[in-house]
1. Which residues' amide hydrogens lie under 5 Å from the amide hydrogen of Ala69, considering only partners 5 or more residues apart or on another chain, with H built in the peptide plane?
2. Under a cut-off of 24 Å between alpha-carbon atoms, report the lysines in cross-link reach of Lys62, not counting same-chain residues fewer than 8 places apart.
3. Kirkwood Rh, the chain, all Cα pairs: how many Å?
4. In Å², and per residue, what accessible area does the chain have when probed at 1.4 Å with the other protein chains present?
5. Between Ala57 and Ile7, with labels modelled 7 Å along Cα→Cβ, what's the label distance in nm to one decimal, could you check?
6. Per DSSP H run of at least 4 residues, take -39500 (n - 2.57); add these up for the chain, divide by its residues and hand me the 222 nm value, nearest 500 deg cm²/dmol.
7. Please sort by residue number the trypsin sites (Lys or Arg not before Pro) in segment 1-59 whose DSSP state is loop and whose Cβ has at most 15 other Cβ atoms within 10 Å.
Amino acid sequence: MNAIKNIIERASKLNGTVVLPEGQDARVITAACACVERKIATPIVLGTAAEIADAEAKAGKKLSDFGIAVIDYTTGLVISGEAE
């Protein structure tokens, strides 16, 4: 088993939460959705509503469709989903 598969397998068993900064990056949106789809971890994405909307448009995915929480790092408020 390669190292990445081993890490993913171990992370899946922990049922943990991961905070992903830079929610303005479409790759972060894609990664957060993959975490849910592959049952790796529960992601929380940091970004403003405008940054998230722009990144979601570029990624072609909506975090709300995956039940992913978004926290506005400028205010600390949950703007989408539920943060633990």
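The values are calculated or read from the model by the stated rules, or taken from the named source; none is laboratory data. Here the structure is a predicted model, which means the values were calculated and not measured. Cβ coordinates were reconstructed from backbone atoms using ideal geometry, including for glycine residues, and neighbour counts include every protein chain displayed. With ligands, DNA and RNA removed, areas are computed over all heavy atoms of the protein, side chains included. Shrake-Rupley method; radii C 1.70, N 1.55, O 1.52, S 1.80 Å.
1. Val45, Glu82
2. Lys39
3. Details: mean 1/r = 0.0778 Å⁻¹.
About 12.8 Å for the chain.
4. On the way: 5350 Å² over 84 residues.
Accessible surface, normalised per residue, equals 64 Å².
5. 3.2
6. Working: 3 runs with 35 residues, N = 84.
Taken over the chain, the calculation gives -13000 deg cm²/dmol.
7. Working: sites: Lys5, Arg10, Lys13, Arg27, Arg38, Lys39, Lys58; in loops: Arg38, Lys39.
Within segment 1-59, the qualifying trypsin sites (Lys or Arg not before Pro) (loop, at most 15 other Cβ atoms within 10 Å) are Arg38, Lys39.
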